[in-house]
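Report on one structure; see the data block that follows.
Read the figures in this text as sums done on the coordinates, not as results from a lab. It should be emphasised that the depicted structure is a prediction, and the values quoted were computed from it without experimental measurement. No Cβ is skipped: glycine too gets one built from the backbone with ideal geometry, and neighbour counts run over all protein chains shown.
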Amino acid sequence: MFRGFRRDKTPNQRKEQRPARTTWELLRILGQSMDFETQVLKNPHSQQHFWISYILPLIDFEIVQKNILSYLLYSPIQTLKDIEQAIPVEDVIVTSNVTIIEEKLHEGYVLIQLNEWANEGVLIKAQRNVIRNISIPEVEFSVVGPKEAFIESLETNLHLVRKRIPSNRLTIKMLKVGSLSKTSIAVLYIEGIADEENVNTVMQRISDIEFDEVIDSSYIEQIISDNHNSPFPQLLDTERPDRVASILAEGKIAVIVDGSPHALIVPTTLVEFFSSFEDYFLNWYIASFFRLIRLFSVAFSILITPIYVAALNYHYEMIPRDLLGTLVTSRREIPLPPILEALFLELTIELLREAGARLPTKVGQTIGIVGGIVIGTASVEAGLTSNVLLILVALAALASFTTPVYKMGNTIRLMRFPFLLFAELWGLLGVVFCFCFLMGHLLRLTSLGRPFLEPIYPLRIADLKDALIRLPFSKQARRPKQLRPEQPIRFSAKKANKKKDIDE
Amino acid sequence: MNKWASLLLVSFLIVTGGCVRKSILDDINTITGLGYDYVAQNKIKGTGLVPVYGKGKISNATYTATSTTSKDMIEELQHESSNPLAKGSLEVALYGERLAKKGLIEIMDTLRRDPRIGERVYLAVVKGTAHELLEGNYGKLGNGIYLSDLIQQNIEQRDIPKTNLHKFLYDYYSDGKDPFLPYMERKGNKVKILGIALFDNDRMVDYIRQNEMFYFKILVDRYTEGTHTIRIGRNEYAAIKSIVTDRNFSISGPKEHPNITVRISIKGVLHEYSRGRYSKTTKQRIEQAFQKELVKKSSKIIRELQSYHIDPIGFGDETKSRYRHFSYKNFYKNYPSLHIDVKANVTIIDSGVVE
Amino acid sequence: MQSIPERLKISPFLVFFTISSMQIGIGILGFQRVIAKSAGYDAWISVILAGIGAHLSLAMMYSILQKANGSIVEANQQLFGKWIGNILSILLVLYYTGMVVAVLRTYIEVIQVWMFPDLETWVFATSFMLLTIYIVSGGFRVVVGVCFFSIILPSYLILTFFYTFEYANFRMLLPIFDHSIFSILKAAKDMTLTILGFETLLVYYPFIKNVEQSKKWAHFSVFSTTIIYAVIAVITFAYFSEKQLQKHIWATLSMWKIVEMPFIERFEYLGIANWTIIILPNVCLAAWCSSRIVKQVANIRQKYVLVAIAAICVTSACLLKNRNSIELLNDVLGSIGFYFLYGFIPLTFIWSHILHKVRKKA
């Protein structure tokens, strides 16, 4: 299960340079890079020389000036211990461990030595933090509800979650992954609610990762997911800190990767990909209605063009007689067989979407309008496609965008093509046959070892309260059984459901 | 790697070997109507009706061929057609009167056996030839849809009892029932329903006239929304609408020679009354007149059926369901002499918005 | 004997789905004609009788398996000794494989007659067996998942039968008991092939979490399928006249021809396509059972056995060329099933009972 690039020692690591054994050696290696600087200063009081080394782009000069140099130069300092005491920075380490020194230098610490060849030195934190401001969520936008989204800084992200769960049971485990990137990864869960086995599995899988450069949480997602060959995402990613806080309270686990504005949620299920977080901000039956609409639109989006191809190719008997005339007149001039017609239009839509996604926002919008209107109308007028199919394909594309999770939307659009091919091959029979394959695949999928189709299969009636529909909060007194939470009850259901008599 | 390669090979084989013959909608000619006519001994003329879809209008094309059996009729018709003919969306099948009198079941075999043909196909007997009827031009939607709408409308709201391919075959194969079909004729640019053709097995023997169809439908089927006008006296007429009917059989006596009573109950709304005030007494008068007429006409129809030795009403089946170890043979031996009574009960529920 | 790890076991209520999805297969498409042949329109009584027989047989199976505390392979070994027991188990492998072939080939026949006359048997058989291998190699839980969905998803098909009421004449079912007991019993025997399928329990028994609770679900499952069969039989008898029914090989499919919805003029094509989902667990569970027995008896990896069985099934499906041979296979399988359910199982039941008593005393 843990094959791939985890576990096995990659050869390029062996080829790497022999790790530095002394600090002097380390500084020499680092010195090969032009942005590494070492300065020699002299304290006028004690006549002591200091060797200050740092990686220039990582440190904040203001901190160095104010908090370090001013004390180094103007107080009587003799030993490294003196420095530790004199400097008012929270993170000051005295060490001779070369590995720690190397690591810390790369995190934006300044190394101060009393002697150029000395192994021992003081590490002082002078990190430069270039982060953007917290912005509104763009992928998972909601009309009502909080408008904060994660950003690329781990500390800020943790802050956003922590402030929503001010509890000492919220536990954060830190890991470092990536032989080059040394990316920090935080695993968040609530002690006493989250299942320990799940936590252990996540920790195990992340610490098993062998990869050089981990850029984003989606790297982690792809590496630790159960089935690498599945088109379905098996971990849910979100940019909303409120969503993360809410799933933590359910007993799930969140993984936040430094440098990535997306948190990962594990374990997850298929239905969760079709629930938008906004569902919880709306009244329960409105939310349920929208969930059902989404479910329907997914089915519609996948099946409508295949059914069109199947019916036109093989099952003309099924078409209602009043529709027959419309279909025949719209198709008669068209030289292409239904499958090519459908593929042509589907690919056009994909093209428009891809072009729209790659171009800057303003140009992208124009492309959408131009493509949708001009190409659509023109291809019908030119007799390349029938207008009935144009309507169907456009609707199907629209329906695929109702999926709240971007990655799932992509999967759904991709899934249309095997269905189309099977519809071409065996008509409706082929569509159902392809559906059977899909069903088998989904049944085999697991997320962190837990069945992906829960709570539908294995059927957990209690968990259906927040799956295809969302029942009111008073009915949500228990955490999902599927997560095997250590503390299944969220609040007293009795109190929430207490009925009042008339005029009480 | 080997696994993937072999999987690829298998899927390639499936895609290449798995193709089945297509019938792409715009590359076929869908037959919506079929007509059969008797030409000579063992010679049948077939007519296929194909809609030609134009902008906002559907026109008709017909193909004709003569052959010995109905099985290769479609293949014969194929000789004239530019695209393959497909009979999956057949709406109506028409039979010429002469052919109907010789027997239909052999010709019907293709319709019955071919899974592509629906069970809701309407069958009808044509006075004259089916060919002539199909050649006409009726309405904007094309002849096929016109004919099936015509029959459907008359079943739902007028005097044709429920009928289609399935019903015909049900009655044909049933021991205690005989089939019937609508009987129609071309009148210029329209088609008119003349009555109900009665069958002895698969051979047409006679037909119920148009003015008796109302009573015939009450006997074999039930009304859910019918209309009927009765004459009460001189210049005194009452039109009744929203008629709902029901019929019940009570059967007594020995199973070879039972006494059968048909109880008919009718409910309706007075729609139009030709003379003066409508009161409780007139209501009773209308009801009684209706009842009398109903008993008279129905008994006449039943007597006629008995004399032809046919049973479209299904007295045989009704009797069978009431006796153990029933023998259809003995029952039908005595059928013409059976005593069949009709009793009617008419209720006028409402008299519209005016008193 | 290795015990089954807890995470591979299924909840007791899922037995409901494994049993009913196995029972509902190709039989339901055309059993009406067969049973009406001998018992006329009293045949719905035979359906209920066959259901009662199935209940008895199921209860005996549970008893045998509970005493053996394992699958039929262990039971056979305990009751008949290692050699004879294993031979009996191998015969079961043939039986289950035969079931796969019969179901698959009959379904292909239906497709060839109703939809695609020129569909090559080997193509569909190969694709279907590939799908089966894919699902079965996911393990028993996945197979049960397929069973579950094959009941849930097509359950809407039941509603379509209401369309036939417009043309139904329920009077024709009267008078009840117009046929002799003997002919009704004969029809009940003819019903075996249709009601068959729950004997797969013999193999997956060790995979059930709470056996005592599952009994209730198993019996409830047999009960519901019997009711469904009886209802469909009654509706069919009302819809067709007796001689007309004899002309229809697949009466259930013929009934769909009358279904007409605003967006679908002819329903049977959708119905036949949908039937793939119903056939799937039949093939998957039977293939799983036969490969599982081989694994237990001969200690060969189930993966390889599965592929071999799939290959055998494809080959034999292709060898059955026409309807007569398919019908022959179905008849043979039906009578084997009959003697299996009402001969082998009761005898084994009595033998296990005696042996159990003797061993207790000793």
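Considering only beta bridges that DSSP places wholly inside chain B, some 70 percent are antiparallel. Between the listed residues A:Gln204, A:Ala194, A:Pro166, the Cα displaced farthest toward the positive end of the dipole of the stretch A:154-268, a dipole computed from Cβ unit charges relative to the Cα centre, is found at A:Pro166.
Rounded to the nearest 10 degrees, the inclination of helix A:241-250 to the longest alpha-carbon principal axis of chain A is 80 degrees. Once a ≥ b ≥ c are taken as the square roots of the eigenvalues of the Cα gyration tensor of the stretch A:280-450, is the result rounded (a/c under 1.5), prolate (a/b larger than b/c) or oblate (a/b not larger than b/c)? Note, shape of the stretch A:280-450 comes out oblate. Cα convex hull, chain A: 222 Å³ per residue, rounded to a whole number.
Note that the stretch B:336-342 has calculated 3J(HN,Hα) couplings of x, 9, 5, 8, 10, 9, 10 Hz, one per residue in order, obtained from phi through the Karplus relation 6.51 cos²θ - 1.76 cosθ + 1.60 (θ = phi - 60°); glycine and proline are x. Under a Cβ-Cβ cut-off of 10 Å, what is the net charge of the residues other than A:Pro241 that fall near it, where Lys and Arg count +1 and Asp and Glu count -1? That works out to +2.
One way to sum up the overall shape of chain B is the equivalent ellipsoid from its Cα gyration tensor, whose semi-axes run 45, 26, 22 Å, largest first.
Considering helices alone, the calculated mean residue ellipticity of the protein assembly as shown at 222 nm is -15500 deg cm²/dmol, with DSSP H runs of length four and up weighted by -39500 (n - 2.57) and normalised per residue.
Could you work out how far the C-alpha centroid of the stretch B:90-126 sits from that of the stretch A:188-213, in angstrom? The stretch B:90-126 and the stretch A:188-213 have Cα centres separated by 72 Å. Straight-line reach from A:Lys125: taking Cα to Cα under 13 Å and skipping same-chain neighbours fewer than 8 places apart, the aspartates and glutamates in range are A:Asp60, A:Glu62, A:Glu84, A:Glu90, A:Asp91, A:Glu103, A:Glu107.
As a ratio to 2.2 N^0.38 Å, the alpha-carbon radius of gyration computed for chain C takes the value 0.99.
Calculated over the stretch C:90-183, the projected area of the Cα convex hull averaged across directions stands at 10.8 nm². Cβ crowding within 10 Å, taken as a proxy for footprinting-reagent exposure, orders A:Val161, C:Val143 from fewest neighbours to most as A:Val161, C:Val143. Taking the inverse of the mean reciprocal distance over all distinct Cα pairs, the Kirkwood hydrodynamic radius of the stretch C:316-362 comes to 13.2 Å. The distance separating the Cα centre of the stretch C:41-92 from that of the stretch A:360-410 comes to 59 Å.
Evaluated with a Cβ-only charge set (Lys, Arg +1; Asp, Glu -1), the protein assembly as shown carries a dipole of roughly 3860 debye about its Cα centre, given to the nearest 20. Listed from fewest to most Cβ neighbours within 10 Å, the set A:Val139, C:Val73, C:Val15, A:Val374 follows the order A:Val374, A:Val139, C:Val73, C:Val15. For the stretch B:24-209, the Kirkwood estimate of hydrodynamic radius, built from reciprocal distances between every pair of different alpha carbons, is 16.4 Å. Peptide A:430-439 is shielded by partner chain Cβ atoms: per residue, an average of 6 of them sit within 10 Å of its Cβ. Shape analysis of the stretch A:11-125 based on the Cα gyration tensor places the equivalent ellipsoid semi-axes at 25, 14, 13 Å, largest first. How would you classify the stretch A:62-106 from its alpha-carbon gyration tensor, with a ≥ b ≥ c the square roots of the eigenvalues: rounded for a/c under 1.5, else prolate if a/b is greater than b/c, otherwise oblate? Because a/c hits 1.5 or more and a/b fails to exceed b/c, the stretch A:62-106 counts as oblate. Around the amide H of A:Ile77, modelled in the peptide plane, lie the amide H atoms of A:Ser46, all under 5 Å away and 5 or more residues distant in sequence or on another chain. Backbone phi angles across the stretch A:132-147, fed through the Karplus curve with coefficients 6.51, -1.76 and 1.60 (θ = phi - 60°), yield HN-Hα couplings of 8, 6, 5, 10, 7, x, 9, 7, 10, 5, 10, 6, 9, x, x, 10 Hz in residue order; Gly and Pro are listed as x.
Centre-to-centre, using Cα atoms only, the stretch B:297-353 and the stretch C:270-318 are separated by 57 Å.
When the stretch A:278-414 is described by a simple charge dipole with +1 on each Lys and Arg Cβ and -1 on each Asp and Glu Cβ, the residue from A:Ser400, A:Gly372, A:Ala287 located farthest towards its positive end is A:Ala287. Say we join alpha carbon atoms closer than 10 Å with springs in a Gaussian network model of chain C; which of C:Pro117, C:Pro12, C:Pro154 then has the biggest fluctuation? Of the options given, C:Pro117 has the highest mean-square fluctuation.
Running Debye on the stretch A:122-216 with equal point scatterers at the Cα sites and no solvent, what base-10 log of I(q)/I(0) appears at q = 0.22 Å⁻¹? Scattering profile of the stretch A:122-216, log10 relative to I(0): -1.27. Taken over the Cα atoms of the stretch B:222-355, the convex hull encloses 110 Å³ per residue. Against chain B, whose longest principal axis comes from its Cα atoms, helix B:280-308 is set at around 60 degrees.
For the stretch A:227-291, what class follows from the C-alpha gyration tensor (a ≥ b ≥ c being the square roots of its eigenvalues): rounded when a/c is under 1.5, otherwise prolate if a/b is larger than b/c, else oblate? Oblate, because a/c is 1.5 or more while a/b does not exceed b/c. Over 27 Å apart at the Cα level, from the set C:Lys82/C:Lys303; B:Lys267/B:Lys329; B:Lys22/B:Lys162; B:Lys101/B:Lys162; A:Lys481/C:Lys9; B:Lys192/B:Lys292, are B:Lys267/B:Lys329; B:Lys22/B:Lys162; B:Lys192/B:Lys292. Remark: the stretch A:298-447 carries a charge dipole of roughly 460 debye about the Cα centre, counting +1 on each Lys and Arg Cβ and -1 on each Asp and Glu Cβ. Put a plus charge on the Cβ of each Lys and Arg, a minus charge on the Cβ of each Asp and Glu, and nothing anywhere else: the dipole of the stretch C:14-353 about its Cα centre is then about 760 debye.
Exposure proxy for B:Lys217, B:Lys333, A:Lys499: other Cβ atoms within 10 Å of each Cβ, ordered fewest to most, give A:Lys499, B:Lys333, B:Lys217.
Taking every DSSP beta bridge with both residues inside the protein assembly as shown, roughly what % is antiparallel (nearest 5)? Around 80 percent of the beta bridges assigned by DSSP in the protein assembly as shown are antiparallel ones.
Straight-line reach from A:Lys173: taking Cα to Cα under 21 Å and skipping same-chain neighbours fewer than 8 places apart, the lysines in range are A:Lys104, A:Lys163, A:Lys182, A:Lys252. Can you compute log10 of I(q)/I(0) for the stretch A:154-268 with the Debye formula, treating each Cα as one identical point scatterer, at q = 0.12 Å⁻¹? Each listed q maps to, in turn, -0.37.
Taking the C-alpha atoms only, the angle from helix C:268-298 to the longest principal axis of chain C is near 20 degrees. Shape index of the protein assembly as shown: Rg/Rh, with Rg the Cα radius of gyration and Rh the Kirkwood radius from the inverse mean 1/r over Cα pairs, equals 1.08. Entry note, the stretch B:60-181: relative contact order of 24 percent, from Cα contacts under 8 Å with a spacing of 6+ residues.
Structural descriptor for chain C: relative contact order 39 percent, calculated from alpha carbon pairs under 8 angstrom and at least 6 residues apart.
Considering only A:Thr446, A:Ser70, A:Ser218, and ranking their Cα positions along the charge dipole of the protein assembly as shown that arises from unit charges at the beta-carbon of Lys, Arg, Asp and Glu, the one farthest toward the positive end is A:Thr446.
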